[in-house]
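In what follows, a single structure is set out as structure tokens and then discussed.
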Amino acid sequence: AKAPRPVEGLDELDGLFASLASKSRDIRTTAAEHLCTIMEKRSRKLPAAKFEKFSSAVTGRIIDMINGSSSNGKMGGIIAIGMMTEILSAREKMVVRIATCFHRIFEQSTDPNVLELAARALGHLTRHGSGLCVEIVNDEVGVAFRWLGNAKFAERRLPAVLLLREFARNTPTLFNIHVQKFLTHVWVALGDRSEAVRYRAREALSACMDDIAKRKLRWRQQCYERIYETARGGMLKFDRSSLTHGSLLAVGELLDKAREFMVKQFTDTAELVLRTVNHASASKHQYIRHAVIHLLPRLALISPNRFSKQYLRTGVEYVIASLRNNTAARPVCFRSLGMLAKAVGPEIVPFLGTIISLITEGLQLRSKSQSWESALTCLTMVAQSLGATELDEYADELIDSMFLNELNKQMVDALAQLVKTTPHKLLRVQDRLLLCISDILAPRATMLQSKEKKNIYESPATFTLN
């Protein structure tokens, strides 16, 4: 039998295929971009039959990489497919090959990075694809529901929610018929023992709610009520901390994407969240504490007046205690305090002294922790929410603390907001900035002067004696 004739131009791409399997993510991404560019150019220049043969050969090489044993090769190949979806999606045979290849990944792989990339690539493919993609979406959604609905497929919950998330994002019209079933099955993943699965399930719920928000009011309300009642029940199951956490994540999505609905549930939600804070078996888990700290400012945004009157003290004291007692929680706590200040405005003033003290401490810890940037973010938000009267007595201390570290854009932004709130401090900030810039430039100036002196001594004489 005759050997198949080599595809013209394929050998020239060997270097790119090798780079797709590189250990470096940047090299893999760059190689995928170059390969996509080549495919786009050849799709315009080659006759249809020649390009069909060329693209089929390229896709075959990529699929071989994805099916191989190298994790880097798998990721590089998937990235390349993801970038070429607009080119490949019009060719049904290729779409079937790619979908089959990806399905094998979802069935077998345990690498979260590979699964994430494959789900995104398949989502993009179905978004750009033809009528065949309807069948692919329905089949894969059915598989995802089967994995979530049967405990023996517990290890497949991550690919299941990744697939559901990507179809909800990329093909909402196709996914719409599956929404009610999704709202049943997603709770399996939201209560999973793995934090990664719970967070991906939250993302899937968020994508689904984007679609729900576009539907008719009555149906929308029914969906929101269903999500809320299930989350409410989950928050009360303190013996299942993973489900309590997943329920808090779901409430967060409702607060972000169903605000009008959640205004009516405000008191009940606030009471449930704070009950979670006070329950020892739930609050001992860091992921639950973080979820509560994230929720407090979002609750405040829903109803600032009621939150300020009923829950502000309890909420602020909880965040402050968490910030003091848990170094790992500092970034989320600083952000929460800043967002609370923006939500309630001057109502934060009774706690301002303590908050400023914590910010000042955070600004002095850059070499020891990652709290410096989050402290700056908090300061910026606090300054945005208050006026000169409230901040004036703290401004000098804050300015001095900020200049303990080197200059960067985030620091400049925080200084700009502080000066906007307390304009009479502008001259002081400008003086400190000039001093800081002089210190930065001084070593360079010294180096240049030394170089000039060296050149004078080493260069040949350019004058003569008379």
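The values are calculated or read from the model by the stated rules, or taken from the named source; none is laboratory data. All figures in this text were calculated on a predicted structure; none of them were measured in a lab. Positions of Cβ are backbone-derived with ideal geometry, glycine not excepted, and every protein chain shown enters the neighbour counts. Heavy atoms of the whole protein, side chains included, go into the accessibility calculation; ligands, DNA and RNA do not. Shrake-Rupley method; radii C 1.70, N 1.55, O 1.52, S 1.80 Å.
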Under the rule of -39500 (n - 2.57) per DSSP H run of 4 or more residues, summed and divided by the residues of the chain, what mean residue ellipticity at 222 nm is obtained, to the nearest 500 deg cm²/dmol?
-25500 deg cm²/dmol
Taking DSSP loops as anything outside H, G, I, E and B, show the longest stretch in the chain free of trypsin sites (Lys or Arg not before Pro) there with at most 12 other beta carbons within 10 Å.
24-192
Dipole magnitude of the chain, debye to nearest 20 (Cβ charges: Lys/Arg +1, Asp/Glu -1, about Cα centre):
1220 debye
With θ taken as phi - 60° and the coefficients 6.51, -1.76 and 1.60, list the Karplus ³J(HN,Hα) couplings across the stretch 172-177 in order, rounded to whole Hz; mark glycine and proline as x.
x, 5, 6, 6, 4, 5
Rounded, prolate or oblate for the stretch 286-325? Axes are the square roots of the Cα gyration tensor eigenvalues, ordered a ≥ b ≥ c, and the cut-off for rounded is a/c under 1.5.
oblate
Assuming R0 = 51 Å, can you tell me the calculated FRET efficiency for the pair residue 420 and residue 325, based on Cβ-Cβ distance, to the nearest 0.05?
0.95
Provide, for q = 0.05, 0.08 Å⁻¹, the log10 of I(q)/I(0) from a solvent-free Debye sum over equal Cα point scatterers in the chain.
-0.29, -0.68
Which residues make up the longest stretch of the chain that has no GluC sites (Glu not before Pro) in a DSSP loop with at most 13 other Cβ atoms within 10 Å?
9-405
For the stretch 149-166, 3J(HN,Hα) per residue [Karplus equation, 6.51 cos²θ - 1.76 cosθ + 1.60, θ = phi - 60°, Hz, x = Gly/Pro]
x, 10, 4, 6, 9, 4, 6, 9, 5, 4, x, 4, 6, 5, 5, 4, 4, 5
Residue farthest toward the positive end of the dipole of the chain, with Cβ of Lys/Arg at +1 and Asp/Glu at -1: which of 149, 296, 438?
149
Global form of the stretch 358-414, assessed from the alpha-carbon gyration tensor, a/c cut-off 1.5:
prolate
The stretch 103-245, relative contact order in percent, only Cα pairs under 8 angstrom and at least six apart counted
21 percent
Give me the net charge for the shell around residue 124: Cβ to Cβ below 10 angstrom, other residues only, Lys and Arg +1, Asp and Glu -1.
+1
How much length, in nm to one decimal, is gained on full extension between residue 67 and residue 388, taken as 0.36 nm per residue of separation minus their Cα-Cα distance?
109.3 nm
Computed FRET value (nearest 0.05) for residue 285 with residue 30, which takes r as the C-beta separation and R₀ as 35 Å:
0.30
Can you give the relative contact order of the chain as a percent, counting alpha carbon pairs under 8 Å and 6+ residues apart?
7 percent
If you plug each phi of the stretch 236-249 into the Karplus form 6.51 cos²θ - 1.76 cosθ + 1.60 with θ = phi - 60°, what whole-Hz ³J(HN,Hα) values come out, in order, with x for Gly and Pro?
8, 8, 5, 7, 10, 4, 5, 6, 4, 4, x, 5, 5, 4
Please work out whether the stretch 1-147 counts as rounded, prolate or oblate from its C-alpha gyration tensor, where a ≥ b ≥ c are the square roots of the eigenvalues and a/c under 1.5 means rounded, while otherwise a/b larger than b/c means prolate and anything else oblate?
oblate
Mean accessible surface per residue for the stretch 24-84, computed with a 1.4 Å probe while every protein chain stays in place, in Å²:
48 Å²
Among the aspartates and glutamates, which fall within straight-line cross-link reach of residue 425, defined as a Cα-Cα distance under 17 Å, with same-chain neighbours fewer than 8 residues apart omitted?
390, 392, 393, 396, 397, 400, 413
